[in-house]
Amino acid sequence: MSTCFASCVRCSNPPPPAPPSSSSASGARRGSHLLLRLHPGVQRVTVAVLGARGVGKTSIVEQFMRSEFCEHYESSKSTQTHYTSVIMNDHMYELKIIDCPGSVRFPVTSLQEWNDHRGVGLLSASAYVIVYDVTDEDSFRSARLLRERIVRSRRRRRNAAVAAGDAAAVAPVTIVVVANKIDLQIAGAGAGAGTGTGTSFHGPAVFVERLTQGGSSRRDLGNVVRKQWKCAYAECSAKYNWRIVALFRDLVKAAVDSGGESHHHHHRMAASSRVQEALRNNRCVIL
């Protein structure tokens, strides 16, 4: 049975400033509040996009939100919050995307979140996307550290909930590690092979099995993420908008299956396994 996915009513806003009474703060979430007022039963899914500097986090978000890619790189200075509504299986969901700059240190405790990321909602996200650059080995190490901090934070919250007798208060969370800039890897491999296609991207048919740096295979890295980190793994090209929509579609599906932010969920397979299964089967009709 096909899953239909479409997005609409898109708007992007910076996070509200510290004074909640300011007019700019009230306008920052206008699109979100309008959607919830028109459709009070809409479920919210919050996705936080994390990663080192320069890995393409903002490019991935911009491609999904606007189908745009900027060749000029400019490091993000602050966290940006984007809102869109998505339709999947005849149900509407509000998707909140938190685009975090590379300098962000993921909070482990609620106090750290309050001090460093007030009003963003990183700890309560439904899913986390950890992006790394396939041509940058250090960005993969940063992804590993981010994943460890997320797991530590979730474990701390779950233990506190269990101690308070409310274990169901912490819903399962989806973590997807995304290998971005696949086009650069392919371009480098093509140039090295002397094929004359080193600067072109021809899709998955020309994918190579070896990374251009470090001699590590993409397959090995994917296995590390899936088997050791227990996270889902995906590859994409923000520049060519390849697998960007599929990534967010499967994130929304996994988060909805886990209960989104309603915290009502059943004991099913791990969230990362659900995303990996969806990414592998690619079972969806894009509208």
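Assigned to a helix (DSSP H, G or I) and surrounded by fewer than 16 Cβ atoms within 10 Å (Cβ to Cβ) - does that describe any residue in segment 102-111? Show your work before the answer.
Within segment 102-111, the first condition is being assigned to a helix (DSSP H, G or I), and the residues that meet it are 110-111.
With surrounded by fewer than 16 Cβ atoms within 10 Å (Cβ to Cβ) added as a condition, the list becomes 110-111.
Among the residues of segment 102-111, at least one is assigned to a helix (DSSP H, G or I) and surrounded by fewer than 16 Cβ atoms within 10 Å (Cβ to Cβ), which makes the answer yes.
Listed residues VAL134, VAL120; which is modelled with pLDDT of 80 or more, closer than 18 Å to VAL47 by Cα and under 18 Å from the mean Cα position of the chain (by Cα)? Reasoning before the result, please.
Values: VAL134 fails: closer than 18 Å to VAL47 by Cα.
Exactly one residue qualifies, and that residue is VAL120.
So, VAL55, is that one part of a loop (DSSP other than H, G, I, E, B), modelled with pLDDT of 90 or more, within 15 Å of the chain's Cα centre (by Cα) and within 16 Å of VAL129 (Cα to Cα) or not? Don't jump to the end; show me each part of the working.
On the way: part of a loop (DSSP other than H, G, I, E, B): yes; modelled with pLDDT of 90 or more: yes; within 15 Å of the chain's Cα centre (by Cα): yes; within 16 Å of VAL129 (Cα to Cα): yes.
Yes.
A quick yes/no check of all residues on (1) surrounded by fewer than 20 Cβ atoms within 10 Å (Cβ to Cβ); (2) over 18 Å from VAL173 (Cβ atoms); (3) among the acidic types (Asp, Glu):
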residue: ARG219; (1), (2), (3): yes, yes, no
residue: ASN223; (1), (2), (3): yes, yes, no
residue: ARG226; (1), (2), (3): yes, no, no
residue: ALA232; (1), (2), (3): no, no, no
residue: TYR240; (1), (2), (3): yes, yes, no
residue: ALA246; (1), (2), (3): yes, yes, no
residue: LEU251; (1), (2), (3): no, no, no
residue: ALA255; (1), (2), (3): no, no, no
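Suppose we filter segment 30-51 for residues that are touching a Phe, Trp or Tyr at 6+ places or on another chain (Cβ under 9 Å), small (Gly, Ala, Ser) and at pLDDT 70 or above; how many remain?
Residues that pass the stated criteria total 2.
What number of residues within segment 46-80 are among the β-branched types (Val, Ile, Thr), touching a residue at least 60 places away in the same chain (Cβ under 8 Å) and open to solvent by 10 Å² or more (accessible area, probe 1.4 Å)? Steps first, answer last, please.
We begin by selecting, within segment 46-80, every residue among the β-branched types (Val, Ile, Thr); these are 46-47, 49, 55, 58, 60-61, 79.
With touching a residue at least 60 places away in the same chain (Cβ under 8 Å) added as a condition, the list becomes 46-47, 49, 55, 60, 79.
Next, from what is left, pick out any that are open to solvent by 10 Å² or more (accessible area, probe 1.4 Å): 79.
The qualifying residues number 1.
The values are calculated or read from the model by the stated rules, or taken from the named source; none is laboratory data. The model shown is predicted, which means the values in this text are computed figures rather than measured ones. A quick note on method: Cβ atoms are made from the backbone with ideal geometry, for glycine too, and the neighbour counts reach across all protein chains shown. SASA here: full protein model, heavy atoms, side chains in, ligands and nucleic acids out. Shrake-Rupley method; radii C 1.70, N 1.55, O 1.52, S 1.80 Å.
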